[in-house]
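Following: one structure in structure tokens, then a few remarks.
The values are calculated or read from the model by the stated rules, or taken from the named source; none is laboratory data. Source: prediction; values computed, not measured. Virtual Cβ from ideal backbone geometry, glycine too; neighbours counted across all protein chains shown. Keep in mind that these areas ignore ligands, DNA and RNA; they rest on the heavy atoms of the full protein, side chains included. Shrake-Rupley method; radii C 1.70, N 1.55, O 1.52, S 1.80 Å.
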Amino acid sequence: MSTRALRRLKGKQRGQEGLDLGDLTWGDSPEEQPDMANVSPPSSMKGNNRKAKKNQAQKNFSNIYELICDADNEAEKISPDEGAEKPDLNKSSDLDKNDDRATEKPDQRQEQPSTKSLSGDRVKKKKKKKKAKAMSEDGQETVPDDNIDLLLENLEQPNGLSLQNEDCSSSDRKSVLYVEHRNLNPETELKRYFGARAVLGDQRPRQRNRQFHRSTWMTSPKDSWPRFSRPGISMTLLESKDGIQYFTFEHSRDYQQAQFKFLDAVESMDPNNILALLQLNPYHIDSLLQFSEICRMQEDQEMARDLIERALYSFECAFHPLFSLTSGTSRLDYLRPENRAFYLALYKHMMFLEKRGCPRTALEYCKLILSLDPDSDPFCMLLLIDYLMLRSREYQSLLQLYQDWEEHRNLSQLPNFAFSAALCCFHLSQQEDVDPEESDRQRHKADQMLQNCLIMFPGVLMPLLDLCTVQPDATVTSHAFFGPKSQTGQPPALVELTALYVGRTYSLWREAAVMLWLEESVKEVLRRVDAKDPVVEDCQNKRKQRYQSAPRNIHRHVLLSEIKEATSSLPLEVTTQPMMSFDPLPPLDSVISYTRPERQHVGASSESSFSLFFRSLLPNFNLQGGPRQVDDMEVARAGQELNQEVNRLMVAMRDMLANIRFQEPPREDNPYRDEEEWD
């Protein structure tokens, strides 16, 4: 209870309310009695006091934390230690005290020091408690603020939540890969570009019979969606170790049956079967992903994006209470098939956002996918995050990520990061609000980095100029360092990485200033090559030793990127195996929680050609029911049933052939010729 409430209960006032004349008693002598007209408080003061009491009551009723805030604020107001920090409040309180002295009687003045001492003791105790609460566990004092992001950040610190593994500092990586909730909504970025009226102008007002959807961070539920009912997906916390929580999705028995039906529908190669399954289970994840791919191939981008958002909504409704999208401490093992669909849904949603013109929002989803498993990186998001940072003009974040992760990830060995870091330094040197000295330093750094990139990866230049429709100089094309030999002599993994980077980021190099800078660097590289710079030979030896074979996650990333320059460079062991769009290139060491029951069928070796012919017509036809021993009566009965089925089939085929009518085309010389002339 606040000190103000205590004073009100005791009947003591401190100048905030008007005096009640009925409670005042005056002395016996008429000289001590003041003029009643002079001491009556003005009506405006009474009205303000009534409004203050009413507003205070409403404020306490609407906010359950108001009592705590009032107690702290009251303690701050009457604390003698903060007199120098808040002079305005002290001045106002002094004015109120002077007004009280004019109307108080002497015995009330004598009682005031005792109340001050009591309230001072209470304030000191509350001050100590407040200071104790304000100190965090690591000894740092937290600053109270109304910013929700800051409060969430302070809540995460005592639990040891950070975005860093053991090999890097937590503050560095958290500042780079920290995911913000508001940036997961594409409307935030669209409002920044076009304004809120242009983005929200075409939305209809809410209807009374609108369905109730759970509010989520990743997607906004739509009224056109089917009514949500839990499809049978749940999330379980496996373990917590070193401040990292490991989760996994689980499928109920009913969802497993729907999953088996989905696999049967995929094997039938008929999209109508998947659509029929979605009508029965509108929030089945793999069906949504597969049908979204079908709609995208049919160039129905709106429906494809809507199905992906529905899948993300179903996932988010199944989140564990401890699972966090922004803390960076929640992990999902990609080896479990139940978790792979969440990765794929996030990736497809990110690509739709990037094509929609929201690179900043796509960058947040890229960081989210990377934070789910930063060690193995199943979708190899390090091959994409630099491009999204350049598109979003997050130059400082890109350089910080390149600097922090170079030691344990060797980002300079990836062509995309090597060239993107150099391009980032060049853009920083071209900014107008940069000092000339800083601009020269960034330009010199960019020149050195780009020259080292061209020496390490010479096979990037010619394909990049080709896609940018730039005709190189004759001295460049005729030189052996950048000639055709640089393309054919690359290891297979380097060819794949080079084609992926060039096919994705060639549009960033089309600017005139960037092309002039690239031309200057190429001339300097040729001069260093002709001068027998030892760095050239060192890089050549590194290329021969490394990049012999790419890991499986890079192949998976290339397949999902659908960049034709990169997919054409995939090895045969990847392109020859069947690929399912709902689970591209599954890991070889998957952790299987439940298995699909085997379908009852017999091998082709035990069947005759006659049986195979009828199986091609009737897929459910089975001459031999199983390998068990049968007697003569069963053989005779089976033969009789087979003859009956064959007779029925032959009758059906004769009826079908008899009912077929072929329309004869008319002759050009005489289209009205009589049909009898054909005989």
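Residue count for the stretch 500-523 under the criterion of being basic (Lys, Arg), open to solvent by 90 Å² or more (accessible area, probe 1.4 Å) and part of a helix (DSSP H, G or I): the result is 1.
Going through the stretch 237-262 one residue at a time, which ones are within 14 Å of Tyr594 (Cβ to Cβ), of a type in the set (S, T, N, Q) and within 20 Å of the chain's Cα centre (by Cα)? Selection gives Thr248 alone. The one condition from (1) closer than 16 Å to Ser581 by Cβ; (2) outside any helix (DSSP H, G or I) that Ala341 does not meet is (2). Among the numbered criteria (1) assigned to a loop (DSSP other than H, G, I, E, B); (2) closer than 24 Å to Leu559 by Cα, which single criterion is violated by Leu325? Among (1) assigned to a loop (DSSP other than H, G, I, E, B); (2) closer than 24 Å to Leu559 by Cα, Leu325 violates only (2). Each residue in the stretch 462-483 was checked for being closer than 15 Å to Leu508 by Cβ and surrounded by 17 or more Cβ atoms within 10 Å (Cβ to Cβ), and 4 of them qualify. For the subset of the stretch 299-313 comprising residues that are among the hydrophobic types (A, V, I, L, M, F, W, C) and without any contact (Cβ under 8 Å) to a residue 40 or more places away in the chain, which member is nearest to Glu250 (Cα to Cα)? By that ranking, first place goes to Ala311. Each residue in the stretch 272-299 was checked for being more than 18 Å from Arg227 (Cβ to Cβ), of a type outside the set (Lys, Arg) and open to solvent by less than 60 Å² (accessible area, probe 1.4 Å), and 10 of them qualify. When Tyr313 is tested against (1) part of a loop (DSSP other than H, G, I, E, B); (2) open to solvent by less than 10 Å² (accessible area, probe 1.4 Å), exactly one condition is not met: (1). Residues in the stretch 531-556 that are among the basic types (Lys, Arg) and either in contact with a Gly (Cβ under 7 Å, 6 or more places away or on another chain) or more than 22 Å from Tyr501 (Cα to Cα) (or both): Lys532 only. Exactly one residue among Glu573, Glu565 is in a helix (DSSP H, G or I), within 21 Å of Leu390 (Cβ to Cβ), of a type outside the set (Gly, Ala, Ser) and modelled with pLDDT under 95, and that residue is Glu565. When the stretch 576-591 is filtered for residues that are touching a helix residue (DSSP H, G or I) at 6+ places or on another chain (Cβ under 6 Å) and either open to solvent by 60 Å² or more (accessible area, probe 1.4 Å) or free of Cβ contacts under 8 Å to residues at least 24 places away in the same chain (or both), nothing remains. Quick check, is Cys366 buried (at least 23 other Cβ atoms within 10 Å of the Cβ), without any contact (Cβ under 8 Å) to a residue 40 or more places away in the chain, within 17 Å of Glu511 (Cβ to Cβ) and not β-branched (Val, Ile, Thr)? So Cys366 fails the test. Residues in the stretch 524-552 that are open to solvent by 70 Å² or more (accessible area, probe 1.4 Å), in contact (Cβ under 8 Å) with a residue 40 or more places away in the chain and either assigned to a helix (DSSP H, G or I) or touching a strand residue (DSSP E or B) at 6+ places or on another chain (Cβ under 8 Å) (or both): Lys544 alone.
The combined condition, being free of Cβ contacts under 8 Å to residues at least 12 places away in the same chain and in contact with a helix residue (DSSP H, G or I) (Cβ under 8 Å, 6 or more places away or on another chain), is fulfilled by Arg296. Residues in the stretch 210-225 that are modelled with pLDDT of 85 or more and touching a Leu at 6+ places or on another chain (Cβ under 9 Å) were compared, and the one that is surrounded by the fewest Cβ atoms within 10 Å (Cβ to Cβ) is Met218. Selection of the stretch 257-293 for residues being of a type outside the set (A, V, I, L, M, F, W, C), free of Cβ contacts under 8 Å to residues at least 24 places away in the same chain and in a helix (DSSP H, G or I) yields Gln257, Lys261, Asp264, Glu267, Pro271, Asn272, Asn273, Gln279. Scanning the stretch 216-257 for residues that are touching a strand residue (DSSP E or B) at 6+ places or on another chain (Cβ under 9 Å) and small (Gly, Ala, Ser), we see that the one that is farthest from Glu316 (Cα to Cα) is Ser240. Inspect all residues belonging to the stretch 414-424 and state whether any of them is of a type in the set (Gly, Ala, Ser) and surrounded by fewer than 20 Cβ atoms within 10 Å (Cβ to Cβ). Within the stretch 414-424, none of the residues are of a type in the set (Gly, Ala, Ser) and surrounded by fewer than 20 Cβ atoms within 10 Å (Cβ to Cβ).
For the stretch 254-269, indicate whether the set of residues that are in contact with a helix residue (DSSP H, G or I) (Cβ under 6 Å, 6 or more places away or on another chain), open to solvent by 60 Å² or more (accessible area, probe 1.4 Å) and farther than 16 Å from Met580 by Cβ is non-empty. Taking every residue of the stretch 254-269 in turn, none turns out to be in contact with a helix residue (DSSP H, G or I) (Cβ under 6 Å, 6 or more places away or on another chain), open to solvent by 60 Å² or more (accessible area, probe 1.4 Å) and farther than 16 Å from Met580 by Cβ. Mind checking which residues of the stretch 431-472 are among the hydroxyl-bearing types (Ser, Thr, Tyr) and outside any helix (DSSP H, G or I)? Result: Thr469, single match. Considering the stretch 425-453, and only residues there that are of a type in the set (S, T, N, Q) and in contact (Cβ under 8 Å) with a residue 12 or more places away in the chain, the residue that is most open to solvent (accessible area, probe 1.4 Å) turns out to be Gln430.
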